[in-house]
1. Could you check the spin-label model distance between Leu28 and Glu94? Points 7 Å from the Cα along Cα→Cβ, value in nm.
2. Can you tell me the length gained on complete extension of the stretch Val172 to Phe74, counting 0.36 nm per residue apart and subtracting the Cα distance?
3. Multiply the residue separation of Trp183 and Lys164 by 0.36 nm, subtract the distance between their alpha-carbon atoms, and state the gained length in nm to one decimal.
Amino acid sequence: MAQNKDVKKLAGALLLPYHLGRITTYCLMALMLATVLNIAFLFLPIRSFVIAPVLMLAGTIFLVTAFPSLARLFPWVGRLNIGVPYKYISQGFETLSRKNGGADQYLMGMLLGLMPCGMIVSVLLAALSAPTLLGTVLAVMSFGLGTMPALISVSLGGQVLQRKYPIAFKRVQQGAMLWSGIWLFAIAGFILM
């Protein structure tokens, strides 16, 4: 009986349907954006001149997220806000949170995937540099899958680790975002060469 409780507790912490829901939303957003970009620049040789600044924009968002003091140099990043009808997302979330089914968790993940977040915006922008629609969707899916361990660990006790080792936790986060930002700038440079 105790094992069943532990399994239920672990399954609740993992929230796999929730994660799959948010990854689905990210993939659908990437697919729509990439489709529009590909249609707009289908036969134009300037596509790379559009993609490179988009990558640099995404890299800048990563760097300012990692080091908030850089917002003084890039104040527009702090004002970056992609509006969504928060009221409807909030109402949907409240309705779904009262239920415990896997389908409800999946829909909750899809809804919360629409919440504006600088990290998601920068990942979507970076994914647009993929040469194909499939590549764009796979890039965003990889991001979603890559964030699952961190989100799961937070739900399983990451907050305790963050409280116990706050400086180390912050440095690891900053290092990952710094690497991502530099990598995006490097890709933009290679595209322009």
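The numbers here are math on the coordinates, done by the rules we state, and not lab data. None of these values were measured; they are calculated from a predicted model. Neighbour counts are summed over all protein chains in view; Cβ atoms, including those assigned to glycine, are modelled from backbone coordinates with ideal geometry.
1. Result: 2.3 nm between the two label points.
2. Once the chain is fully extended between Val172 and Phe74, it gains 33.0 nm.
3. Using 0.36 nm per residue and subtracting the Cα-Cα distance, I get 3.8 nm.
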